[in-house]
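Trainee: For reference, the structure I am asking about is given below.
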Amino acid sequence: MSILASVWAWFGDGAHWQGPDGVPTRLVEHVQLSAEAVVIGAVLALPVGIALGHYGRFGNLAINISNAGRAVPSFGILVIAFQVFGLGDLPIILALTALAIPPMVTNSYVALREVDPDVKDAARGMGYRELAQLLRVELPLAVPLIMAGIRTSAVQVVATATLAALIAGGGFGRYIIDGFAQLDYAKLVAGALLVAMLALVTELGLSGLERLLVPRGIRLLMAPKLRRATTFKVA
Amino acid sequence: MAARVFLDAQDPWVNWDWLSTHIPYVWDAIQQHILLAMIALLGGLVISLPLGVAAQRSPLIRLPVIGALGAFYTIPSLALFAILVPFTGIATNTTAEIPLVGYNALILIRNIVVGLDAVPRDVLDAADGMGYRATARLLQIELPLAMPAIFAGLRVATVSTIGLITITAVIGLGGLGQLINQGLQESFHTPLVVATFLSIALALVADLLLAGGQWISLPWARHA
């Protein structure tokens, strides 16, 4: 049986769609781990990046944290977290959160920094106080780039969560790692396809959310600035 | 007393005795790591230079190329290795390099397009007025002016690639990733910590070398 046919058969087998090793369970594990890490990362990273960008302070730090984050091997960090904290979700979520933070800090910093100074002057001239100016003028203009940072982080967290299977975690990575261990190519490729789809859906879903959140005028205005979005790939 | 015994029995983060007797072993991993990174970067450059220039010239090429590579870039490396294994084999350089080359090609093409787009219209007009033909203008005017952007892409690609290579340990390669894997399998901290540290160090050294190379080779872009 060709590999494609066996992968097709794997997806067609009802046994793979139920129980603790079924696709729905693994999907929930994968999404839950990733979502927890992204939310914790966003809560930690966005206020820092937004504050640094608003005050224009520590720009080198905000930019270089992504450089440093890129240099960190995600596999090494996961295994170190596993050796420190042992089995369970805690080491996985800690490692994923650490990897989620850098692109969100850098992008939210750049997003605030790139707000046109004339617009800020106009807001000040109209009598906005600092907090109102930040919340009602700067942040709406910064949302596209901030969302790009969240999207980049989310896609990388979903990708890195695949590696969690190496430290006995769940998620779709389980099929890939078990497929390798059992030399079961159908399971291996099926798992890989599921992971790839989940990453693409994450990317497209968050792009769609961004389109819903950002008014068309601001989106068009900020489109060139989106080129400043940080590329980040760690898994 | 009992606490001391417990401490002694614990695996230290770095066992220097093990390290001092395993230097050739670690060095082999570093060499494999560097080799895999060089292939991935050179492959990325070879693909991205013509495609990047073509993409900048024509939106008909730009949209599908950046769209397809953008989707490729989104796919996790472990998934791509796994999909390729039945076709290109386990522990082969081909399986490791196809995803890495593709990722680098995307980063580089994007930066080539941005760099070429940023060349001022006046400069192009002046070059045309001086009688430059299309190829000469590209090679002698546009690409040199786009080089800072291309170098920036190369630095991002280099640092990312060096980190990603550790994941190829799953398909039996890995360079320093092999040591991380050994640390995992044997619950032995030293190779894990040493390899993670060396992988970060390698990425930062490569980044510094590229920054230095840019400073030396692009005197017109030294202001920053």
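The values are calculated or read from the model by the stated rules, or taken from the named source; none is laboratory data. Source: prediction; values computed, not measured. As a convention, Cβ positions derive from the backbone with ideal geometry for all residues, glycine included, and neighbour counts pool all protein chains shown. To get the accessible areas, we keep the full protein, side chains included, count just its heavy atoms, and leave off ligands, DNA and RNA. Shrake-Rupley method; radii C 1.70, N 1.55, O 1.52, S 1.80 Å.
Trainee: It is to be established whether one or more residues within region A:167-175 are open to solvent by less than 10 Å² (accessible area, probe 1.4 Å) and over 30 Å from A:THR25 (Cβ atoms).
Mentor: no
Trainee: Could you give every pair whose Cβ atoms fall below 9 Å, whose first residue belongs to region A:221-235 and is in contact (Cβ under 8 Å) with a residue 24 or more places away in the chain, and whose second residue is open to solvent by less than 90 Å² (accessible area, probe 1.4 Å) and of a type in the set (Phe, Trp, Tyr), counting only separations of at least 6 or pairs across chains?
Mentor: So the pair list comes out as A:THR231/B:TYR73; A:LYS233/B:TYR73; A:LYS233/B:TYR103; A:ALA235/A:PHE75.
Trainee: Within region A:34-53, which residues are touching a residue at least 24 places away in the same chain (Cβ under 8 Å) and small (Gly, Ala, Ser)?
Mentor: The initial filter retains those residues of region A:34-53 that are touching a residue at least 24 places away in the same chain (Cβ under 8 Å), namely A:34, A:36-38, A:40-42, A:44-46, A:48-50, A:52-53.
Correct list: A:SER34, A:ALA37, A:GLY41, A:ALA42, A:ALA45, A:GLY49, A:GLY53.
Trainee: Test A:PHE180 against the stated conditions and say whether it is modelled with pLDDT under 95 and within 9 Å of chain B (Cβ to nearest Cβ). If you could, list the steps in order and put the result at the bottom.
Mentor: On the way: modelled with pLDDT under 95: yes; within 9 Å of chain B (Cβ to nearest Cβ): yes.
Yes: the conditions hold for A:PHE180.
Trainee: Oh, and also: Within the bounds of region A:196-207, is there any residue that is open to solvent by 30 Å² or more (accessible area, probe 1.4 Å), without any contact (Cβ under 8 Å) to a residue 40 or more places away in the chain and under 30 Å from B:GLN178 (Cα atoms)?
Mentor: yes
Trainee: Pick out the one residue from A:GLY56, A:GLY88 that is on the phi > 0 side of the Ramachandran plot and either touching a strand residue (DSSP E or B) at 6+ places or on another chain (Cβ under 6 Å) or touching a residue at least 40 places away in the same chain (Cβ under 8 Å) (or both).
Mentor: A:GLY56
Trainee: Working only within region A:183-235, note down all residues that are farther than 13 Å from B:THR74 by Cα, of a type outside the set (A, V, I, L, M), at the interface with chain B (Cβ under 9 Å from one of its Cβ atoms) and in a helix (DSSP H, G or I).
Mentor: A:TYR185, A:GLY191, A:ARG227
Trainee: Taking the condition of being free of Cβ contacts under 8 Å to residues at least 40 places away in the same chain, open to solvent by 20 Å² or more (accessible area, probe 1.4 Å) and within 7 Å of chain A (Cβ to nearest Cβ), how many residues in region B:185-203 meet it?
Mentor: Qualifying residue count for the region: 1.
Trainee: Looking for whichever is more than 27 Å from A:ALA235 (Cα to Cα), touching a Leu at 6+ places or on another chain (Cβ under 9 Å) and in a helix (DSSP H, G or I) here; the options are B:LEU145, B:LEU108. Which one fits?
Mentor: Sole residue among the options that is more than 27 Å from A:ALA235 (Cα to Cα), touching a Leu at 6+ places or on another chain (Cβ under 9 Å) and in a helix (DSSP H, G or I): B:LEU145.
Trainee: Within region B:39-69, track down each residue that is open to solvent by less than 10 Å² (accessible area, probe 1.4 Å) and away from chain A (no Cβ under 13 Å).
Mentor: Of everything in region B:39-69, those that are open to solvent by less than 10 Å² (accessible area, probe 1.4 Å) and away from chain A (no Cβ under 13 Å) turn out to be B:SER48, B:GLY52, B:ALA55.
Trainee: A follow-up question, please. I need every pair where a residue in region B:82-105 that is within 12 Å of B:VAL170 (Cβ to Cβ) and assigned to a loop (DSSP other than H, G, I, E, B) has its Cβ under 9 Å from the Cβ of a residue that is open to solvent by less than 40 Å² (accessible area, probe 1.4 Å) and among the polar types (S, T, N, Q), sequence separation at least 6 or different chains.
Mentor: Filtered contacts from region B:82-105: B:ALA91/B:THR168.
Trainee: For B:LEU154, are the conditions met, namely being over 18 Å from the mean Cα position of the chain (by Cα), more than 7 Å from chain A (Cβ to nearest Cβ) and in a helix (DSSP H, G or I)?
Mentor: Spelling it out, it is not the case that B:LEU154 is over 18 Å from the mean Cα position of the chain (by Cα), more than 7 Å from chain A (Cβ to nearest Cβ) and in a helix (DSSP H, G or I).
Trainee: Moving on. Return the residues of region B:70-108 that are open to solvent by less than 30 Å² (accessible area, probe 1.4 Å), more than 23 Å from A:ALA164 (Cα to Cα) and either over 16 Å from the mean Cα position of the chain (by Cα) or within 12 Å of chain A (Cβ to nearest Cβ) (or both); say none if nothing qualifies.
Mentor: B:GLY70, B:GLY89, B:GLY102, B:ASN104, B:LEU106, B:ILE107, B:LEU108
A quick yes/no check of all residues on (1) out of contact with any Leu (no Cβ under 8 Å at 6 or more places or on another chain); (2) open to solvent by less than 20 Å² (accessible area, probe 1.4 Å); (3) in a helix (DSSP H, G or I):
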| residue | (1), (2), (3) |
| --- | --- |
| A:ALA15 | yes, no, yes |
| A:ALA45 | yes, yes, yes |
| A:ILE65 | yes, no, yes |
| A:ILE77 | no, no, yes |
| A:LEU87 | yes, no, no |
| A:PRO91 | no, yes, yes |
| A:ASN107 | no, yes, yes |
